[in-house]
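Enquirer: The structure's right below; bear with me while I get my questions together.
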Amino acid sequence: LMMTMQAYTNFMGFSIRYFGWGQEDDDAYYRLQALKMHPVGLSPEIGRYKALEHTRVHGLDETPLFQEQRKRLHEIAALKGTQQEVQQALHADSYDSVKYKILEVTKNNPPGCIRVKVELLLAYLPSSLDELPPPGYYGAI
């Protein structure tokens with residue numbers, strides 16, 4: 001996915017509320033659609049990619065957590081309104097809602113870089129794909 005920083009800021013980045021495999025890319029697509037930012041694929045002459053080979057996680061789409069996240073995905077897909085209204089609805093799980101604590105900052109290792117080690121302060125982190133988030137976790141849309 002390639003976009004300008006302004007476009008990334010407008011669609012508020014990838015959701016931070018998906019766990020397990022998949023759905024975050026579908027969420028990003030629906031966010032872009034809701035904001036009337038229509039993604040365009042590049043022609044094969046300009047852009048190519050090779051998907052990494054991986055085995056399908058058997059039964060993943062049948063787990064309670066996957067099904068709960070799928071409901072959120074349908075809410076995102078159905079979003080309508082002005083850009084401001086859509087951004088307000090998406091704010092709860094956007095990149096700028098991430099809470100964290102800085103643990104360590106290292107400068108110039110490697111040269112010219114700043115490395116920041118953080119602890120994510122997540123309100124919820126499932127211990128298995130059978131665990132459902134607490135009521136209200138995804139917020140209202």
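Enquirer: Where in the range 18-36 does the amide nitrogen come within less than 16 Å of the point 7 Å from the Cα of Leu122, taken along Cα to Cβ?
Expert: Taking a point 7 Å out along Cα→Cβ of Leu122, the residues of the range 18-36 whose backbone N falls under 16 Å are 18-25.
Enquirer: Express the accessible area of the range 1-124 per residue in Å², computed with a 1.4 Å probe while the remaining protein chains stay in the model. Walk me through the intermediate numbers first.
Expert: Details: 9080 Å² over 124 residues.
Each residue of the range 1-124 exposes 73 Å² on average to a 1.4 Å probe.
Enquirer: From the square roots a ≥ b ≥ c of the eigenvalues of the alpha-carbon gyration tensor of the range 1-77, which class results: rounded (a/c under 1.5), prolate (a/b over b/c), or oblate? Can you show the working numbers first?
Expert: Details: a/c = 2.46, a/b = 1.27, b/c = 1.94.
Since a/c reaches 1.5 but b/c is at least a/b, the shape of the range 1-77 is classed as oblate.
Enquirer: If eta is 1.002 mPa s and T is 20 °C, what Stokes-Einstein diffusion coefficient results for the chain, Kirkwood Rh from Cα pairs, in µm²/s?
Expert: Working: Rh = 17.5 Å.
Answer from the Stokes-Einstein relation: 122 µm²/s.
Enquirer: Between Leu103 and Ala7, what length in nm is gained on full extension when 0.36 nm per residue of separation is reduced by their alpha carbon distance? Don't skip to the end; give the middle numbers.
Expert: Details: separation 96, 0.36 × 96 = 34.56 nm, distance 3.03 nm.
Result: 31.5 nm gained on full extension.
Enquirer: Remind me, relative contact order of the range 1-79 in percent, using alpha carbon pairs under 8 angstrom and six or more residues apart?
Expert: Values: 39 pairs, mean separation 29.4, N = 79.
It rounds to 37 percent for the range 1-79.
Enquirer: Ok, one more. Just check the range 79-135 against the gyration tensor rule for me: Cα atoms, a ≥ b ≥ c as the square roots of the eigenvalues, rounded for a/c under 1.5, and otherwise prolate or oblate depending on whether a/b exceeds b/c. Walk me through the numbers on the way to the answer.
Expert: Working: a/c = 3.50, a/b = 1.48, b/c = 2.36.
Cα axes put the range 79-135 in the oblate bin.
Enquirer: If you roll a 1.4 angstrom probe over the protein chains with everything in place, what fraction of the accessible area of the chain belongs to carbon and sulfur, to the nearest %?
Expert: Values: 5810 of 10260 Å².
Carbon and sulfur atoms account for 57 percent of the accessible area of the chain.
Enquirer: Let me ask another. For the chain, what is the charge dipole size about the Cα centre, in debye to the nearest 20, if Lys and Arg each add +1 at the Cβ and Asp and Glu each add -1 at the Cβ?
Expert: Values: 15 positive and 17 negative charges, 95 e Å.
My answer is approximately 460 debye.
Enquirer: Please compute the modelled spin-label separation between Ala78 and Asp25, points set 7 Å along Cα→Cβ, answer in nm with one decimal.
Expert: Going from the Asp25 label point to the Ala78 one covers 2.6 nm.
Enquirer: Considering only the other residues whose Cβ falls under 13 Å of the Cβ of Ile76, what net charge follows from Lys and Arg at +1 and Asp and Glu at -1? Mind dumping the intermediate values first?
Expert: Values: positive: Arg17, Arg31, Arg70, Lys71, Arg72, Lys80; negative: Glu24, Asp25, Asp26, Asp27, Glu75, Asp93.
That works out to 0.
Enquirer: Then there's this: Taking the Cβ of Glu62 as the center, what net charge do the other residues with Cβ under 14 Å away carry, scoring Lys and Arg +1 and Asp and Glu -1?
Expert: Working: positive: Arg56, Arg70; negative: Asp61, Glu68, Asp130.
Around Glu62, the surrounding residues sum to -1.
Enquirer: Excluding residues on the same chain fewer than 8 positions from Lys80, give the lysines whose Cα lies under 21 Å from its Cα.
Expert: Correct list for Lys80: Lys36, Lys71.
Enquirer: Pull up all non-local amide H partners of Val118: gap of 5 or more, or a different chain, and H-to-H distance under 5 Å with H placed in the peptide plane.
Expert: Amide H to amide H, under 5 Å and 5 or more residues apart or across chains, Val118 pairs with Leu103.
Enquirer: I'd like to know which of Val40, Gln67, Leu103 lies farthest towards the positive end of the charge dipole of the chain, counting +1 on Cβ of Lys and Arg and -1 on Cβ of Asp and Glu.
Expert: Most positive-ward Cα: Leu103.
Enquirer: Top mean-square fluctuation among Leu125, Leu103, Leu35, Gaussian network model of the chain, C-alpha springs under 10 Å?
Expert: With Cα springs under 10 Å in the chain, the top fluctuation among Leu125, Leu103, Leu35 is at Leu103.
The values are calculated or read from the model by the stated rules, or taken from the named source; none is laboratory data. This one's a predicted model, so the numbers in the text were calculated from it and none came from an experiment. Every residue, glycine as well, gets a Cβ built from its backbone with ideal geometry; the counts of neighbours run over all protein chains shown. We work out accessible area using only protein heavy atoms, side chains counted, and drop any ligands, DNA or RNA first. Shrake-Rupley method; radii C 1.70, N 1.55, O 1.52, S 1.80 Å.
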